[in-house]
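The values are calculated or read from the model by the stated rules, or taken from the named source; none is laboratory data. Fair warning: this is a prediction, and the values are worked out from it, not measured in the lab. A quick note on method: Cβ atoms are made from the backbone with ideal geometry, for glycine too, and the neighbour counts reach across all protein chains shown.
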2 protein chains.
Amino acid sequence: MSKIVLKGDIVFTSSKDRFETYEDSYLVGKNGKIVGIFKELEGEYKDYPLVDYTGKLIIPGFVDLHLHAPQYPNQGLGLDKELLPWLNTYTFPEEAKYGDLEYAEKVYRRFIKDLWRHGTTSAVVFSSVHKESTKLLMDLFIESNLRAYVGKVNMDRNTSPELTESTERSLLDTEEIIIEYRKKSPLVKPIITPRFVPTCSSELMEGLGRLAVKYGVPVQSHLSENKNEVEWVRELHPECKNYASVYNKYNLFGQTKTIMAHCIHNTDEELDLMKNNRVFAAHCPHSNYNLSSGIMPIRKFVERKIPIGLGSDISGGHSISMTSVMVAAIQASKMYWLYNNKEYKPLTSSEAFFFGTKGGGSFFGKVGSFEADYVLDALVIDDSDLGYNNGLNLEERIQRYIYNGDDRNIIDVYVEGRRVEEPK
Amino acid sequence: MSKIVLKGDIVFTSSKDRFETYEDSYLVGKNGKIVGIFKELEGEYKDYPLVDYTGKLIIPGFVDLHLHAPQYPNQGLGLDKELLPWLNTYTFPEEAKYGDLEYAEKVYRRFIKDLWRHGTTSAVVFSSVHKESTKLLMDLFIESNLRAYVGKVNMDRNTSPELTESTERSLLDTEEIIIEYRKKSPLVKPIITPRFVPTCSSELMEGLGRLAVKYGVPVQSHLSENKNEVEWVRELHPECKNYASVYNKYNLFGQTKTIMAHCIHNTDEELDLMKNNRVFAAHCPHSNYNLSSGIMPIRKFVERKIPIGLGSDISGGHSISMTSVMVAAIQASKMYWLYNNKEYKPLTSSEAFFFGTKGGGSFFGKVGSFEADYVLDALVIDDSDLGYNNGLNLEERIQRYIYNGDDRNIIDVYVEGRRVEEPK
């Protein structure tokens with residue numbers, strides 16, 4: 001039975017509306033879960049192994065609900081283009097390389113190391129269409145002790161020839177991975193990953209929905225990122241009344257837990273469907289800026305209580321840092337507010353932090369908060385080089401860290417109460 | 001006579017439309033200025049001292065046209081507010097501390113060190129209203145060997161009582177600094193700095209305009225950052241037809257070279273006045289996002305050939321990194337394009353880089369480019385940890401550095417052909 005106490009300045013968000021702050025306190029964990037936060041240690045907790053981070057911030061690990069591992073080498077490249085030309089010029093050619101396991105290993109080791117370095121303890125990841133390199137990515141995540149859902153991408157139409165699978169092969173490979181990995185690790189799980197409607201035939205989506213329901217495996221995809229994409233889906237599926245209902249028709253929209261990335265150009269009807277089906281929205285502001293996709297009206301999702309997390313969307317997004325994504329989300333919401341009659345109020349710092357921790361974390365379960373019974377996933381932040389702490393309260397320190405901190409400030413990473421070493 | 005050769009992968013923008021790239025070449029400097037770029041060294045250049053940065057990028061030093069030194073301790077704080085409440089709650093109370101020279105020195109040393117660390121070799125800086133700490137800031141810049149214009153702020157109305165100067169004192173202090181510093185250093189110069197119209201009486205502005213013309217000293221201020229501010233100026237100056245014409249009336253709008261920060265909500269008539277008077281616009285996208293000010297329609301300025309530079313606007317902007325500001329400028333322009341009928345096309349990477357180097361640099365003279373006769377201000381960038389360089393061309397490497405690099409990648413800084421040591 002693992003026991004641990006972390007001492008420091010503890011900050012988290014159990015609700016989006018405010019930071020909860022515990023100065024110079026003890027975060028107590030047992031069996032990988034939070035017992036509680038205490039000002040003084042009493043009883044048996046006095047005998048737990050204690051790590052003294054006095055003066056440091058202790059916050060929940062970050063959760064990235066949407067990113068593409070095989071696009072990592074394209075980080076920061078090609079961003080003078082919009083989604084569809086960007087896919088064809090940069091993304092598909094890079095993804096085609098992942099039949100080569102040696103290349104895949106080189107990229108994926110670095111990718112996981114960088115997630116660790118930036119404090120992303122839970123990630124929901126697109127792999128490529130390749131079965132073997134997807135398994136490799138899952139094995140490397142297992143080795144790292146970080147938490148992840150990893151999805152082999154499915155595509156049987158409208159992509160480059162090298163990446164086009166037969167419908168049958170796509171389904172067989174997906175099922176093989178599910179069977180092999182669904183119970184292999186408590187931290188790393190498979191997720192069904194139709195890339196997006198344009199690259200998946202109806203037969204493929206039907207088969208994937210069947211697998212999702214059969215094995216109770218979650219689903220991730222993209223929704224309404226770009227207006228040209230939305231129009232394309234309308235042409236491909238005139239029988240469906242909107243983009244979301246194509247996924248819904250094939251049991252890929254909340255029949256098992258589901259994440260849809262972007263959700264910029266949804267109709268109200270689609271938002272209602274997300275709400276009713278408890279579909280998560282992964283908000284990826286950097287990517288949406290970079291690919292000129294638009295601004296997700298996040299307040300509409302908040303008002304409807306649609307579950308929301310944040311995504312770096314590597315490599316449409318250029319930054320794997322979730323604090324950078326939080327800042328971009330706040331900035332995007334301010335522009336949406338300003339240019340839409342000040343109707344939808346901007347995100348506050350605590351809201352952005354919530355979406356990047358507990359909001360996205362709830363896709364995994366009790367993840368992303370320091371309430372009792374949540375998993376003890378934590379980051380230790382040394383913010384002493386960010387300015388002068390005299391007179392700053394914890395709320396100000398966490399805001400300053402969100403805006404001005406980077407990976408250098410993260411000095412330790414914990415998942416389920418255990419310190420995570422730098423991945424190899 | 002100083003002579004130097006820097007060898008490496010040379011990238012700059014002599015025009016905004018494309019990166020000029022010279023792989024594995026020699027940048028030759030003499031007396032602090034660029035002689036030229038050569039593929040092979042010939043003649044006397046063979047005898048110049050050579051620094052070998054093979055495989056590294058060599059680019060012009062960055063130029064920050066707008067930031068506030070005394071706001072540095074507020075970096076990343078208070079950004080859940082708009083401009084006017086933010087000024088009153090965070091900014092004015094902080095600026096009031098700079099009567100204390102000991103405090104000022106602590107902050108200003110760190111401020112200059114961080115500019116250096118982030119490769120900003122030329123900066124146009126607001127100080128506070130305080131004469132002595134403004135002189136201190138100028139002396140510290142002189143000691144650093146970085147290039148700067150530094151302005152004592154003028155305010156004789158509508159600010160906090162501690163920061164309100166008498167009109168006479170404000171003018172006397174400003175003139176004293178001009179006389180003492182206009183010939184003290186070739187790199188560090190005074191600039192006349194009415195904070196903005198609302199905090200400067202007509203008498204003060206008239207006096208400042210007189211000083212500007214009398215001594216041929218440049219001017220900086222703020223223009224049309226926030227709609228409430230624009231409305232306030234209209235109420236204060238019903239005799240003037242717009243915000244810009246208030247400055248213009250008092251010889252503070254291009255009569256000597258002038259920078260106006262923000263320029264978000266200008267009328268076409270104001271833009272024409274900027275163009276005719278050759279007034280620089282300092283585009284501060286992070287700040288404009290953070291304070292919900294809006295998006296500067298930068299393409300309109302480009303089309304009119306109004307000179308443009310970028311500003312970090314510390315601490316309305318949270319990041320002192322000019323590459324972060326470049327990315328924000330690109331992202332902002334994409335949203336402006338998308339939400340305004342795709343009329344004003346977004347900035348490309350080379351345009352953003354140009355504005356952050358030669359665009360802003362032209363306020364100083366021949367600064368920000370590697371054309372012959374420009375000053376040799378350069379950064380050496382080690383981008384080897386940003387990914388795999390195999391097969392990437394220099395244009396891709398510079399894009400990736402803009403999006404994903406940070407201060408760690410800057411391994412050496414040169415101003416006028418001399419290596420600049422870390423400021424103390």
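Scanning the stretch B:165-213 for residues that are more than 23 Å from the chain's Cα centre (by Cα), among the β-branched types (Val, Ile, Thr) and buried (at least 16 other Cβ atoms within 10 Å of the Cβ) turns up just one, B:THR167.
Across the stretch B:306-323, the number of residues qualifying as within 9 Å of chain A (Cβ to nearest Cβ) and either of a type in the set (Gly, Ala, Ser) or closer than 27 Å to B:ASN276 by Cβ (or both) comes to 1. Against the numbered list (1) over 19 Å from A:ASP407 (Cα atoms); (2) surrounded by fewer than 19 Cβ atoms within 10 Å (Cβ to Cβ); (3) not aromatic (Phe, Trp, Tyr), A:MET138 comes up short only at (2). Where helices (runs of 4 or more DSSP H) fall entirely within the stretch A:286-385, those with at least 3 residues that are among the aromatic types (Phe, Trp, Tyr) are at A:322-339. Checked against (1) surrounded by 24 or more Cβ atoms within 10 Å (Cβ to Cβ); (2) more than 19 Å from the chain's Cα centre (by Cα), B:ARG147 passes all but condition (2).
So that you can scan it fast, the table gives a plain yes or no per residue for (1) touching a Phe, Trp or Tyr at 6+ places or on another chain (Cβ under 8 Å); (2) assigned to a strand (DSSP E or B):
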residue	(1), (2)
A:ARG18	no, no
A:TYR53	no, yes
A:LYS56	no, yes
A:PRO70	yes, no
A:THR89	no, no
A:SER122	yes, yes
A:SER133	yes, no
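Checked against (1) more than 14 Å from chain B (Cβ to nearest Cβ); (2) among the hydrophobic types (A, V, I, L, M, F, W, C); (3) assigned to a helix (DSSP H, G or I), A:ILE398 passes all but condition (1).
With the requirement that a residue be farther than 19 Å from B:GLU105 by Cβ, in contact (Cβ under 8 Å) with a residue 12 or more places away in the chain and of a type outside the set (A, V, I, L, M), what does the stretch B:144-172 give you?
Scanning the stretch B:144-172 gives B:ARG147, B:TYR149, B:ASN154, B:ASP156, B:ARG157, B:ASN158, B:THR159, B:SER160, B:GLU162, B:GLU165, B:THR167, B:SER170.
For the stretch B:255-285, filtered to residues that are assigned to a loop (DSSP other than H, G, I, E, B) and within 16 Å of the chain's Cα centre (by Cα), the residue that is farthest from B:GLY61 (Cα to Cα) is B:CYS263. Looking across A:THR89, A:THR54, A:THR120, one residue alone is surrounded by fewer than 20 Cβ atoms within 10 Å (Cβ to Cβ) and assigned by TED's automatic domain parsing to the domain that holds A:ILE259. It is A:THR89.
Per-residue answers, yes or no, for (1) free of Cβ contacts under 8 Å to residues at least 24 places away in the same chain; (2) surrounded by fewer than 21 Cβ atoms within 10 Å (Cβ to Cβ); (3) not assigned by TED's automatic domain parsing to the domain that holds A:ALA282:
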residue	(1), (2), (3)
A:ASP9	no, no, yes
A:THR13	no, no, yes
A:TYR26	no, no, yes
A:GLY29	no, no, yes
A:LYS46	yes, yes, yes
A:ALA69	no, no, no
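Residue check: is B:GLU421 assigned to a loop (DSSP other than H, G, I, E, B) and either at pLDDT 95 or above or away from every other protein chain (no Cβ under 14 Å) (or both)? The answer is yes for B:GLU421. The number of residues in the stretch B:324-352 that are more than 12 Å from chain A (Cβ to nearest Cβ) and under 18 Å from the mean Cα position of the chain (by Cα) comes to 1. For the stretch A:286-305, the tally of residues that are within 14 Å of chain B (Cβ to nearest Cβ), of a type in the set (A, V, I, L, M) and either surrounded by fewer than 24 Cβ atoms within 10 Å (Cβ to Cβ) or more than 18 Å from the chain's Cα centre (by Cα) (or both) stands at 2.
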